[in-house]
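I have placed the structure first, in the form of structure tokens, so that the comments after it can refer back to it.
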Amino acid sequence: MTDPISSDLLFAPTRIGALDLPSRIVMAPLTRSRAAEGNVPAPLAIDYYRQRASAALIITEATQISQQGQGYAWTPGIHTQAQIEGWAKVADAVHQEGGRIAMQLWHVGRVSHTVFQPGGARPVAPTAMPVPAKAFIPGENGQGIYADIPDPQELTIAGIQMIVADYVQAARNAITAGLDAVEIHAANGYLLDQFLNSGSNWRTDRYGGSVENRARLLLEVVDAVSAAIGSQRVGLRLSPMGKSFGMDEADPEALFHHVIAELNKRELAYLHLVEPTVKGREIATEIDPRAQALMRDIRASFSGPIILAGGYTRWNAEQALADGRGDLIAFGRPFIANPDLPERLRLDAPLNQGDPASFFGGDARGYTDYPTLAELAERELTA
Ligand code: 8OZ
């Protein structure tokens, strides 16, 4: 093994799909629950993303493709004119700073609540079964609260087709707003993951049962979105062996063998993997050998670039690149607290620590007020 910290693999330029990137340091999608009325990105979001434009690629917070796709308080959408206009300001700001930004397209499926659903309907799912999780809904006095998830309703074929159309429209809207690419969120127990997983998908039609059938919706979405905006502007996020919101796949090897073989025919811009060490908000220190083997297989068989996400530090990011486990590294929490993260990693400078109390919801505090190294130095001079 090479000595990773003496190498600078994180700073090698690369190309993924249609995008030329100056480094391998990706800003991970981060839900911040600060959207304004109408689930429009708030003016503060313009500053927040502008401040982080030195990332090789910003992946936006998960953004619902439709009202039905929302499952959390104050998350932004990309299905109304006002939302498109809000995102256009964000994309402009990032581009003015020389950055690139992809929108993460999100449908939560069953991880929702009647408060978000059109007409107060029950959330939609591949299969109507109780969901072992809570939804984060707006409470009184502006605080989010956790609420039991009402039993979902099973999607009809017509309902599934509408969702594919919603993905396409959302992708077009993102491009209209000036974003550079989209990332289809098929990880972490949300709709597309619910279809992939045998534990949450008990359908007996062409969308359930065999691995081919469970992967069908994902691939239909990938194909329809690619046809609309070009596969070179489409990325995909998966969380193999993830356990979020009741996900539990009995045969992940067979599932991902099929998914990767199909993806290889489609020439996406990238595959973004949430590593199996990610357990909700914690990172496991013990590595499950089966999960490790699966990740190795995916890496060996996928024909395009891979972004890895999973609690990376500068040191183990360099190590992952040196070992060839991925091509780019997504940093989440470090980007919350360090708008100038690439510069800090380059200098091996200390990092600001993020405050979990302000991760979800609130105002500028813990959002746009984390200082850069230059701002810290200035404060010291004037103190
Ligand atoms: C944290 C809080 C809310 C949503 C995910 C979109 O896990 C999320 C999310 C994360 O993919």
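The values are calculated or read from the model by the stated rules, or taken from the named source; none is laboratory data. Owing to the predicted nature of the structure, the values given are computational and were not obtained by experimental measurement. A quick note on method: Cβ atoms are made from the backbone with ideal geometry, for glycine too, and the neighbour counts reach across all protein chains shown. These accessible areas exclude ligands, DNA and RNA; they are computed on the full protein's heavy atoms, side chains included. Shrake-Rupley method; radii C 1.70, N 1.55, O 1.52, S 1.80 Å.
Filtering the range 104-140 down to residues that are in a strand (DSSP E or B) and away from the ligand (no atom under 13 Å from the Cβ), which residue is most open to solvent (accessible area, probe 1.4 Å)? Step through it out loud before you land on a result.
Going residue by residue through the range 104-140, those that are in a strand (DSSP E or B) are 104-106, 124-125, 134-138.
Checking the rest, the ones that are also away from the ligand (no atom under 13 Å from the Cβ) come to 124-125, 138.
On the way: VAL124: 8, ALA125: 0, PRO138: 62 Å².
So the residue we want is PRO138.
Are any of the residues in the range 171-187 open to solvent by less than 40 Å² (accessible area, probe 1.4 Å) and free of Cβ contacts under 8 Å to residues at least 40 places away in the same chain?
So far as the range 171-187 goes, no, none of its residues is open to solvent by less than 40 Å² (accessible area, probe 1.4 Å) and free of Cβ contacts under 8 Å to residues at least 40 places away in the same chain.
Out of contact with any Gly (no Cβ under 7 Å at 6 or more places or on another chain) and within 16 Å of the ligand (Cβ to nearest atom): does that describe SER23?
Answer is no for this residue.
If VAL94 satisfies all but one of (1) open to solvent by 10 Å² or more (accessible area, probe 1.4 Å); (2) touching a helix residue (DSSP H, G or I) at 6+ places or on another chain (Cβ under 6 Å); (3) part of a helix (DSSP H, G or I), what's the number of the condition it fails?
For VAL94, the exception is condition (1).
Take the range 247-264 and flag every residue that is of a type outside the set (Phe, Trp, Tyr), surrounded by 18 or more Cβ atoms within 10 Å (Cβ to Cβ) and not in a loop (DSSP other than H, G, I, E, B). Spell out how you get there, then give the answer.
From the range 247-264, those of a type outside the set (Phe, Trp, Tyr) are 247-255, 257-264; that's our starting set.
If we keep only those that are surrounded by 18 or more Cβ atoms within 10 Å (Cβ to Cβ) as well, we get 247, 249, 252, 255, 259-260, 263.
Residues satisfying the conditions are PRO252, LEU255, VAL259, ILE260, LEU263.
Taking the criterion of being more than 15 Å from the ligand (Cβ to nearest atom), modelled with pLDDT under 95 and of a type in the set (S, T, N, Q), would at least one residue in the range 143-165 satisfy it?
yes
Could you run through the range 265-295 and say how many residues are open to solvent by 50 Å² or more (accessible area, probe 1.4 Å) and out of contact with any helix residue (DSSP H, G or I) (no Cβ under 6 Å at 6 or more places or on another chain)?
13
Looking only at the range 72-87, which residues are away from the ligand (no atom under 16 Å from the Cβ) and either open to solvent by 30 Å² or more (accessible area, probe 1.4 Å) or within 17 Å of the chain's Cα centre (by Cα) (or both)?
Within the range 72-87, the first condition is being away from the ligand (no atom under 16 Å from the Cβ), and the residues that meet it are 79-87.
Hits for the range 72-87 are HIS79, THR80, GLN81, ALA82, GLU85, TRP87.
Would you point out the residue of the range 49-69, among those that are more than 16 Å from the ligand (Cβ to nearest atom) and within 16 Å of ARG333 (Cβ to Cβ), that is most open to solvent (accessible area, probe 1.4 Å)?
Among residues in the range 49-69 that are more than 16 Å from the ligand (Cβ to nearest atom) and within 16 Å of ARG333 (Cβ to Cβ), the one most open to solvent (accessible area, probe 1.4 Å) is GLN51.
Among GLU61, GLU37, which is the only one that is of a type in the set (Asp, Glu) and under 22 Å from VAL225 (Cβ atoms)?
Only one candidate qualifies: GLU61.
Among ILE260, ILE306, which is at pLDDT 95 or above, of a type in the set (Val, Ile, Thr) and under 24 Å from ILE58 (Cβ atoms)?
ILE306
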